[in-house]
Amino acid sequence: MSETLKIGFFVTCLVDAMRPSIALASIKLLESAGCDVTVPSAQVCCGQPAFNNGDIDTAKNIARQVIDVFEQYDFLVAPSASCLGMIKVHYPELFQDEPHYLEKVEKLSNKCYEILTFLHDVLKIEISARFDSTVTYHDSCSGLRELGIESQPRQLLNKVKGLKLKEMKDTDICCGFGGTFCVKYPDISTSLVSDKVKNIIDVDAKVVLAGDLGCLMNIAGRCQREGKAVRFYHTVEVLAGMAAEYPAIGEKWS
C-alpha cells in the first residue's frame, strides 16, 4: 500500500501471558507489509470476562481505556476474534446511554480488524512462508459467527508452500472453551472438545491451526490428555514462517 498505515496492536491478555510469539509473528507480518506498528503500553483487557459475568460497570470502565488508547491509530489489529468481537459487537451495546462514548466506539469499531482478515482483506499480503505438513483449521465461534471470518485464513494458508489443508468434520462447531463457558459447564465443554479431537484424528492432520489462542489451548490440552500426537499453532505463526522457532502450543519450552 502506498500510504503507511499506523497500526495500534492489541496484544490480548492470553497472548501476552501465554504465547507472546503470536504477537511477534503478527507484528512481523504487518511490518513486512509496510505498516507502522505500535504496541501501546497503556492497553488493558478488552473487558470480556467482566461482561460475560454480568459486571457491566467494570466492563465499561475497561472499555473506556481501550477506546481512549486506540482511537488515535488508523487501525486497531488483534490476533483474536474473541477480543475483537467484544470491541466491535458488544462495546456499542455498553454505551447506548452515553452518546459521547458511543460515537467514539463506533468510530473505533469501524477500524478494528482481526489479524487474519486485516492481512487478507486490507493489506492483501503476499505470503512467502513454507510449512511442510498436513494441517486442519478450526473455526472459532467468535470469528465465524460474530465477525464472519471463514475464507480469509484458508486463502492465506493456501499460499504457504508445502502446506496441505484438510478440512475436518464440523470445523465450525465450538471446541468447548468459550471463555467462562468451560468453567460453568465443564461436562458439555469436555464433550465438545472430545468430539473436536476425534474429528482432527479422523482426517489424519499433524497440525491444527486457528485464529484464537483460547481454542488452541483447549483442544491441545485435550489431545495431550488423550495421548494424541498433534501439534498446535496460531495461524500467524505459520504465515510468518516462525512456527519452527517455537515449541507448539502446549509443549514445554526449553
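Values in this text are rule-based calculations from the coordinates and carry no lab data. The structure presented is a predicted model; accordingly, all values stated were derived computationally and were not measured. Cβ sites come from the backbone with ideal geometry, for glycine too, and all protein chains shown count toward neighbours.
Structure above, values below:
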| quantity | calculated |
| --- | --- |
| Volume per residue of the C-alpha convex hull in the range 61-115, rounded to whole Å³ | 68 |
| Förster radius 51 Å - calculated FRET efficiency between ASP187 and ASN110 (Cβ-Cβ, nearest 0.05) | 0.80 |
| Mean Cβ count within 10 Å, highest first, over the residues of peptides 66-76, 84-94 | 84-94, 66-76 |
| Gaussian network model of the chain, Cα within-10 Å springs - most flexible of LEU119, LEU14, LEU147 | LEU14 |
| Over the chain, volume per residue of the alpha carbon convex hull, in Å³ | 120 |
| Extended-chain gain in nm, criterion 0.36 nm per residue less alpha-carbon gap, ASN61 and ARG145 | 27.6 nm |
| Partner aspartates and glutamates for LYS111 [C-alpha distance under 15 Å; skip if fewer than 8 residues away on the same chain] | ASP68, GLU71, ASP74, GLU103, ASP121 |
| Within-14-Å neighbourhood charge of TYR246 [Cβ basis; K, R +1; D, E -1] | +1 |
| Spacing of the two label points (7 Å from each Cα toward its C-beta) at LYS161 and LYS228, in nm | 3.1 |
| Calculated from backbone phi, Karplus (6.51, -1.76, 1.60) coupling profile of the range 25-37 in Hz, x at Gly/Pro | 5, 4, 5, 4, 5, 5, 5, 5, 8, x, 7, 9, 9 |
| Whole-Hz couplings from phi, Karplus 6.51/-1.76/1.60, listed for the range 207-213; x for Gly and Pro | 9, 10, 10, 6, x, 10, 5 |
| Phi to ³J(HN,Hα) by Karplus 6.51 cos²θ - 1.76 cosθ + 1.60 over the range 62-68, Hz, x for Gly, Pro | 5, 4, 4, 5, 4, 4, 5 |
| 26 Å Cα-Cα threshold exceeded, pairs from LYS28/LYS198; LYS88/LYS206; LYS6/LYS104; LYS88/LYS169; LYS88/LYS164 | LYS28/LYS198; LYS88/LYS206; LYS88/LYS169; LYS88/LYS164 |
| For peptides 5-12, 48-55, sequence by mean Cβ density within 10 Å, most packed first | 5-12, 48-55 |
| Other-chain or far-sequence residues with amide H under 5 Å of LEU165's (modelled H) | VAL135 |
| Highest-fluctuation residue, GLY34, GLY241, GLY176 considered, GNM on the chain with Cα pairs under 10 Å | GLY34 |
| Bins of 5 Å, starting at 0 and running to the largest distance - Cα pair percent for the range 6-119 | 2, 13, 24, 25, 19, 10, 5, 2, 0 |
| Scattering curve values for the range 127-245, log₁₀ I(q)/I(0), Debye with Cα scatterers, q = 0.13, 0.14 Å⁻¹ | -0.47, -0.54 |
| Most to least packed among 200-213, 222-235 [average Cβ atoms within 10 Å] | 200-213, 222-235 |
